[in-house]
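Below: the structure, in structure tokens.
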Amino acid sequence: MKPTNGMLLEHIARYYFATPYIQGRVLDIACGTGYGCHMVAKDRKRELIELVGVDIDDETLAYANREYHHQKITYQRGNAIDPQLPEQLGQFDTILSFETIEHVEDDLLFMDNLYRMLKPGGVLVLSSPFGRGRGQQTSEPFHVHQLTPEEFEELFVRFSNVEIYYQRGVTFEKPRDGVRYFIGMAVCTK
């Protein structure tokens, strides 16, 4: 993608938004090509113990290992809705999940896995595009569904503290009247 591509800028902005929450052992679930893992590792190298980037695609992980290697990053294959994933990976101080939940069949199993992998007091930073709702078709060929803003907020009822933001381009804000938002961002403490 070109640097002027709005979608690329939005993706990069999510990692910048999450950077202050990064500490200890960190998971980036569905890390893709690894650019976000690399950004986080470089920016928070003092606060970071280890960053595990997980993705389901072997070719993407090979690219991440080649192009975005860092001494504190380990890339590995995994399925976000595998019930065994929490046992395989262990627990984390921070979990990042950007633009993932709309790709999985069972978003509640996905959330359960994230909750199980998050240490008590740990922070989850998760984004999702909004749409017609769970079980409804989308215009995006790789999206299983796109949650409504209300369904998105309901995902986090088990967490002790939840802050919901909305993304507009490269900025994040609390909701304002008269503004339509396409992407939600949650910061949740277990």
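Miscellaneous remarks
- Relative contact order (percent, whole number), the chain, Cα cutoff 8 Å, 6+ residue spacing: 18
- Contact order relative to length of the stretch 1-96, as percent, for alpha carbon pairs under 8 angstrom and 6 or more apart: 32
- Lys-Lys pairs in the chain that are eight or more residues apart or on separate chains and whose Cα atoms lie under 24 Å of each other come to 9.
- Assuming charge only on the beta carbon of Lys and Arg (+1) and of Asp and Glu (-1), the dipole of the stretch 90-159 about its Cα centre is about 200 debye to the nearest 20.
- Modelled FRET efficiency - R0 25 Å, residue 88 with residue 134, Cβ distances, 0.05 increments: 0.40
- Separation of alpha-carbon centers, the stretch 153-190 and the stretch 113-134, rounded to whole Å: 11
- Comparing 127, 97, 160 in a Gaussian network model of the chain, where Cα atoms under 10 Å apart are tied by springs, the biggest mean-square fluctuation is seen for 160.
- Available extension along the chain between residue 112 and residue 164 is 16.8 nm, counting 0.36 nm per residue and deducting the alpha carbon span.
Read the figures in this text as sums done on the coordinates, not as results from a lab. The structure presented is a predicted model; accordingly, all values stated were derived computationally and were not measured. So basically every Cβ, Gly included, is an ideal-geometry build from the backbone, and we count neighbours across all protein chains shown.
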